[in-house]
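**Q** Below you will find the structure I want to go over with you.
The values are calculated or read from the model by the stated rules, or taken from the named source; none is laboratory data. Values in this document were obtained by computation on a predicted structure and should not be read as measured data. Positions of Cβ are generated from backbone atoms using ideal geometry, with glycine treated the same way; all protein chains shown enter the neighbour counts.
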Amino acid sequence: MTANLSPIWESFVGGSSVGLELLRPEIRESWTRCRDAKLNPNTQSAPMALSKSELEKMSSRNRLYRASREILPAASEYLPNKVDSTLILIDADCLMLDIQGGGKGMLAAEAAGGFVGSRWLERDTGTDALSLCIHMNSPAAVIDFEHYCVVGHQWTGAAVPIFSPQNHSLIGALAVYNHGLSNPERMLRLCSRFVTFIERELKNEAIERRLLTLEMQERIRSSYPHDKVLSVSEFGELLNYGNEWTVPSDWFAQMREGAESQLSAGIKPKEQKGRLRDKSGQPFEARFFPATHLGEVAGFVAVLPSQRRSFSTGLHQSWRAIYHFEDIAGSSPVLRKCIDDARRYAAVDLPVLIKGESGTGKELFAQAIHNESNRRDRPFVPINCGASRDELIASDLFGYSEGSFTGATRGGRIGKLEIAEGGTIFLDEIESMSPFMQTSLLRVLEERFYSRIGGTERIPLDVRFLAATNADLNAKSTTQQFRSDLYFRLASLTLNLPPLREHKADIPELIEYHSPFLAKSISAETMSKLLDFCWPGNIRQLKNVLQRAEVRGLSDRGVLETLDEEGCSEVCALKKCSFRAGSPMSTTAAQDGYFLDDDSGKERIIEALQQCNWSVTAAANRLGLHRVTLSKKMAKMEIRRVYH
């Protein structure tokens, strides 16, 4: 091999590519990366990445180092040529954690910059067993002139990856180097055996960390006898109640990072407030107590109040906003802009008008704005403006005094404005509010005082108003369907939520968020159909489809059957929707169906029915018709399914 690869290597470093096809693909690709990085093949140096103090901390806090510190010295005794051989351990970031070996091997490693604390990256050390192993996430061997740098020639290296026993992520690699052209297969087998011992130690320590967390759970349980107490691993996995609750991964990563930062600074990690989600994805506040082991986070113990409420006390503690910006799934630019705008709005105390079609998540954003604001510890009170008659809404909003009307509760009743004092009022479906209530609300906004129905006391008001609508209030205000002065009061800040059809790239993430088990079973073809659909009901409709599909079974068939039943609206919002006929159509044409009344129309209907396995609902969706309209046309044209 040396005789064949030497001229190929010399040609390559000289700028030619002659004979590259004789190289193994992974070696060829590595050489190309090294040349692109402008690495000088005559020099090789692994730069130091850790200071002396950091090296001292690493020896006690790095799990991979701890698991191997007694194994590597013993393993080096079994190397085929102890004088000319070396064992090197690196982590997933190519940081060298340990090196063991004979005199010649150690000198060769030092000549290449191989010291504990150095970074063994391909761009610095060239094509090499360790860097190649980390890059490929699998065992690798590099022999003689396969090394890109001269210092590696006449050496054989074999490296095996090391994986975490908990989540099977790559955490490092172990390599055996031997001077001369050794048998790489034999070296890989030897290295694999050493790695087996290291992974066994890692597993034992992981079990110890889990047991420590569970023991802490039992101690904390005695202090919270009426609450649910759960153990959470260092990776956010619930060690009990695993099917009932989940921990939001993005938030958990931040909490763990904060606890580890405190440990690094020599501070005992403090209790933190966080969230758990139930089966439906609903978030609930919880208290998280960190468990530590050898200066690291071993896990957390979560305490969930039995009534699933926040921990603030007071008369109105049940009026809480439960959603935060971290609970909004999606990363498309249009959605992220909405979130960024909403975060900025949360920092000021002005009214916000949230606009968006039904099902786009207007209340979700309203709750997130409240929870990000300085009113987060006060009530969040939602009111549906279109749910009741004027007098009921008025009494609900302002409250009433005793004897103010027949049937009034003795002693009167406080209204939601009073409940929300210091917090936020969310007016949903504000476009449905009657002219009478618009006038009453405007006075409250202007004067910041109100009175109970039947009462004379003027009560000062300190609340923030958030409102939501799926109508064009600006247009309604110009036609006097909605008071323009109230509109401009509520629209100090506006937030326009995009319909789902305008950020379809978020659909896979939404599915993963709302139905993680279903997301794992959806095929690419089914996902394509979900992406093609126009979603007139937006995210709410998507959630409904996922929930019904789960009931039918975690399969593509359950999703497609549910989607066929949904259909898109008769006035499809998309110019082209795959659930309709292939070409775009006008609204009038879609409603009247005149283009299907001739012979070619009959053929088109039959074709659509055949494509949909004679499902009238699905075919109607594809053709852009109502199911009843299509049924009438089938009867008129005498279209029937023929069974053979």
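**Q** Between Val116, Val151, which is hydrophobic (A, V, I, L, M, F, W, C) and outside any loop (DSSP other than H, G, I, E, B)? Lay out the reasoning, then the answer.
**A** Numbers: Val116 fails: outside any loop (DSSP other than H, G, I, E, B).
Exactly one of Val116, Val151 is hydrophobic (A, V, I, L, M, F, W, C) and outside any loop (DSSP other than H, G, I, E, B), namely Val151.
**Q** List every residue pair whose Cβ atoms lie under 7 Å apart, where the two residues are 6 or more positions apart in sequence or sit on different chains, the first residue falls within region 464-482 and is farther than 24 Å from Glu372 by Cβ, and the second residue, located anywhere, is outside any helix (DSSP H, G or I) and of a type outside the set (Lys, Arg).
**A** Taking only residues 6 or more apart or on different chains, the pairs are Leu473/Phe482; Lys476/Phe482.
Residues are listed down the side, and each one gets a yes or a no for (1) among the aliphatic types (A, V, I, L, M); (2) surrounded by fewer than 24 Cβ atoms within 10 Å (Cβ to Cβ); (3) under 30 Å from Leu230 (Cβ atoms); (4) within 29 Å of the chain's Cα centre (by Cα):
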position	(1), (2), (3), (4)
Val142	yes, no, no, no
His153	no, yes, no, no
Gly157	no, no, no, no
Pro165	no, yes, yes, yes
Leu174	yes, no, no, no
Leu181	yes, yes, no, no
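**Q** Quick check on Ala491: is it of a type outside the set (Lys, Arg) and modelled with pLDDT of 90 or more?
**A** On the way: of a type outside the set (Lys, Arg): yes; modelled with pLDDT of 90 or more: yes.
Yes.
**Q** Now, a different point. Which residue out of Ala112, Ala108, Ala141, Ala158 is of a type in the set (A, V, I, L, M, F, W, C) and more than 23 Å from Glu26 (Cα to Cα)? Don't jump to the end; show me each part of the working.
**A** Values: Ala112 fails: more than 23 Å from Glu26 (Cα to Cα); Ala141 fails: more than 23 Å from Glu26 (Cα to Cα); Ala158 fails: more than 23 Å from Glu26 (Cα to Cα).
Exactly one of Ala112, Ala108, Ala141, Ala158 is of a type in the set (A, V, I, L, M, F, W, C) and more than 23 Å from Glu26 (Cα to Cα), namely Ala108.
**Q** Next up: How many residues does region 3-31 contain that are on the phi < 0 side of the Ramachandran plot and surrounded by 14 or more Cβ atoms within 10 Å (Cβ to Cβ)? Quick ask: steps written out before the conclusion?
**A** To start, the set of residues in region 3-31 that are on the phi < 0 side of the Ramachandran plot comprises 3-14, 16-18, 20-31.
Now restrict to residues that are surrounded by 14 or more Cβ atoms within 10 Å (Cβ to Cβ): 5, 8-9, 11-13, 20, 23, 26-31.
Total meeting the criteria: 14.
**Q** Pull out all pairs, ordered by first then second residue, where Cβ-Cβ is under 6 Å, the residues are six or more apart or on different chains, the first lies in region 218-241 and is aromatic (Phe, Trp, Tyr), and the second is crowded, with 18+ Cβ neighbours inside 10 Å.
**A** Listed pairs, sorted by first residue: Tyr224/Val303; Tyr241/Leu230.
**Q** Scan the strands (runs of 3 or more DSSP E) fully inside region 271-334 and keep the ones with 2 or more residues being modelled with pLDDT of 90 or more. Show your work before the answer.
**A** Details: elements: 272-277, 283-293, 296-304.
Output list reads 283-293, 296-304.
**Q** Does Arg256 satisfy the criteria of being of a type in the set (Lys, Arg), in contact with a strand residue (DSSP E or B) (Cβ under 9 Å, 6 or more places away or on another chain) and at pLDDT below 85? Talk me through it step by step, then tell me what you get.
**A** Details: of a type in the set (Lys, Arg): yes; in contact with a strand residue (DSSP E or B) (Cβ under 9 Å, 6 or more places away or on another chain): yes; at pLDDT below 85: no.
No: the conditions fail for Arg256.
**Q** Follow-up question, since we're still on this one. Mind checking which residues of region 32-49 are crowded, with 18+ Cβ neighbours inside 10 Å and under 17 Å from Cys94 (Cα atoms)?
**A** Cys34, Gln44, Ala46
So that you can scan it fast, the table gives a plain yes or no per residue for (1) in contact with a Leu (Cβ under 6 Å, 6 or more places away or on another chain); (2) buried (at least 20 other Cβ atoms within 10 Å of the Cβ); (3) over 26 Å from Ala67 (Cβ atoms):
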{"position": "Arg209", "(1), (2), (3)": "no, yes, no"}
{"position": "Leu212", "(1), (2), (3)": "no, no, no"}
{"position": "Gln217", "(1), (2), (3)": "no, yes, no"}
{"position": "Trp245", "(1), (2), (3)": "yes, no, yes"}
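**Q** If you scan region 195-217, which residues turn out to be among the hydrophobic types (A, V, I, L, M, F, W, C), in contact (Cβ under 8 Å) with a residue 12 or more places away in the chain and farther than 18 Å from Val303 by Cα? Spell out how you get there, then give the answer.
**A** Taking region 195-217 and keeping what is among the hydrophobic types (A, V, I, L, M, F, W, C), we get 195, 197-198, 202, 206-207, 211-212, 214, 216.
Keeping just the survivors that are in contact (Cβ under 8 Å) with a residue 12 or more places away in the chain gives 195, 197-198, 202, 206, 212, 214, 216.
Correct list: Val195, Phe197, Ile198, Leu202, Ala206.
**Q** Just one of (1) in contact with an Asp or Glu (Cβ under 9 Å, 6 or more places away or on another chain); (2) closer than 30 Å to Ala291 by Cα trips up Lys104, so point out which.
**A** Among (1) in contact with an Asp or Glu (Cβ under 9 Å, 6 or more places away or on another chain); (2) closer than 30 Å to Ala291 by Cα, the lone unmet condition for Lys104 is (2).
For (1) modelled with pLDDT of 85 or more; (2) outside any helix (DSSP H, G or I); (3) of a type in the set (A, V, I, L, M), each residue gets a yes or a no:
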{"position": "Asn204", "(1), (2), (3)": "yes, no, no"}
{"position": "Ile207", "(1), (2), (3)": "yes, no, yes"}
{"position": "Leu214", "(1), (2), (3)": "yes, no, yes"}
{"position": "Ser223", "(1), (2), (3)": "no, yes, no"}
{"position": "His226", "(1), (2), (3)": "no, yes, no"}
{"position": "Ser231", "(1), (2), (3)": "yes, yes, no"}
{"position": "Phe235", "(1), (2), (3)": "yes, yes, no"}
{"position": "Phe252", "(1), (2), (3)": "yes, no, no"}
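**Q** Hey, another quick one. Does Ser523 count as in the same structural domain as Val348 (by TED's automatic domain parsing) and either at negative phi or buried (at least 19 other Cβ atoms within 10 Å of the Cβ) (or both)?
**A** Numbers: in the same structural domain as Val348 (by TED's automatic domain parsing): no; either at negative phi or buried (at least 19 other Cβ atoms within 10 Å of the Cβ) (or both): yes.
Judged against the criteria, Ser523 is not a match.
**Q** In region 260-280, which residue that is aliphatic (A, V, I, L, M) and over 14 Å from Pro290 (Cα atoms) is surrounded by the most Cβ atoms within 10 Å (Cβ to Cβ)? It would help to see each step written out before you state the result.
**A** The initial filter retains those residues of region 260-280 that are aliphatic (A, V, I, L, M), namely 263, 265, 267, 276.
Cutting the leftovers down to over 14 Å from Pro290 (Cα atoms) gives us 265, 276.
Numbers: Ala265: 7, Leu276: 23.
Filtering region 260-280 for residues that are aliphatic (A, V, I, L, M) and over 14 Å from Pro290 (Cα atoms), the one surrounded by the most Cβ atoms within 10 Å (Cβ to Cβ) comes out as Leu276.
**Q** Would region 3-14 turn up any residue that is assigned to a strand (DSSP E or B) and of a type in the set (S, T, N, Q)? Spell out how you get there, then give the answer.
**A** Looking only at region 3-14, we keep the residues that are assigned to a strand (DSSP E or B), and these are none.
The answer is no; no qualifying residue exists.
**Q** Which residue is modelled with the highest pLDDT, if the candidates are limited to region 88-109 and must be within 18 Å of Gln154 (Cα to Cα) and either buried (at least 20 other Cβ atoms within 10 Å of the Cβ) or touching a His at 6+ places or on another chain (Cβ under 8 Å) (or both)?
**A** Pass one, region 88-109, residues within 18 Å of Gln154 (Cα to Cα): 88, 101-109.
With either buried (at least 20 other Cβ atoms within 10 Å of the Cβ) or touching a His at 6+ places or on another chain (Cβ under 8 Å) (or both) added as a condition, the list becomes 88, 101, 104-105, 108-109.
Working: Ile88: 94, Gly101: 84, Lys104: 75, Gly105: 72, Ala108: 75, Ala109: 76.
If we take residues in region 88-109 being within 18 Å of Gln154 (Cα to Cα) and either buried (at least 20 other Cβ atoms within 10 Å of the Cβ) or touching a His at 6+ places or on another chain (Cβ under 8 Å) (or both), then Ile88 is modelled with the highest pLDDT.
**Q** Could you look through region 203-227, keep only residues that are touching a strand residue (DSSP E or B) at 6+ places or on another chain (Cβ under 8 Å) and among the hydrophobic types (A, V, I, L, M, F, W, C), and pick out the one that is farthest from Ala74 (Cα to Cα)?
**A** Ile220
**Q** Here's a follow-up. Sort through Ser615, Ser600 and tell me the only one that's modelled with pLDDT under 80 and either closer than 16 Å to Glu565 by Cβ or in contact with a strand residue (DSSP E or B) (Cβ under 8 Å, 6 or more places away or on another chain) (or both).
**A** Values: Ser600 fails: either closer than 16 Å to Glu565 by Cβ or in contact with a strand residue (DSSP E or B) (Cβ under 8 Å, 6 or more places away or on another chain) (or both).
One residue alone meets the criteria, Ser615.
**Q** Ala408 - would you say it is surrounded by fewer than 17 Cβ atoms within 10 Å (Cβ to Cβ), among the aliphatic types (A, V, I, L, M), within 26 Å of Gln541 (Cα to Cα) and modelled with pLDDT under 85?
**A** Numbers: surrounded by fewer than 17 Cβ atoms within 10 Å (Cβ to Cβ): yes; among the aliphatic types (A, V, I, L, M): yes; within 26 Å of Gln541 (Cα to Cα): no; modelled with pLDDT under 85: yes.
No.
**Q** Scan region 65-93 for residues that are within 11 Å of Leu174 (Cα to Cα) and among the small types (Gly, Ala, Ser) and jot them down.
**A** Those that are within 11 Å of Leu174 (Cα to Cα) and among the small types (Gly, Ala, Ser): Ser68, Ala92.
**Q** Output yes when any residue across region 58-81 is touching a helix residue (DSSP H, G or I) at 6+ places or on another chain (Cβ under 6 Å), over 16 Å from Ser192 (Cα atoms) and surrounded by fewer than 21 Cβ atoms within 10 Å (Cβ to Cβ), and no when none is.
**A** If we filter region 58-81 for residues that are touching a helix residue (DSSP H, G or I) at 6+ places or on another chain (Cβ under 6 Å), which is where we start, we get 67-68, 71, 75.
Retained after the next criterion (residues that are over 16 Å from Ser192 (Cα atoms)): none.
For region 58-81, residues touching a helix residue (DSSP H, G or I) at 6+ places or on another chain (Cβ under 6 Å), over 16 Å from Ser192 (Cα atoms) and surrounded by fewer than 21 Cβ atoms within 10 Å (Cβ to Cβ): absent.
**Q** Can you tell me how many residues in region 27-50 are at pLDDT below 85 and under 35 Å from the mean Cα position of the chain (by Cα)?
**A** 2
**Q** If we keep just the residues of region 352-400 that are modelled with pLDDT of 95 or more and within 21 Å of Leu442 (Cβ to Cβ), which is surrounded by the fewest Cβ atoms within 10 Å (Cβ to Cβ)?
**A** Checked region 352-400; the qualifying residue surrounded by the fewest Cβ atoms within 10 Å (Cβ to Cβ) is Lys355.
**Q** If a residue must be modelled with pLDDT under 90, touching a Gly at 6+ places or on another chain (Cβ under 7 Å) and part of a loop (DSSP other than H, G, I, E, B), how many such residues does region 413-453 contain?
**A** Matching residues across region 413-453 total 2.
**Q** If you scan region 463-512, which residues turn out to be among the aromatic types (Phe, Trp, Tyr) and surrounded by 20 or more Cβ atoms within 10 Å (Cβ to Cβ)?
**A** Phe465, Phe482, Tyr487
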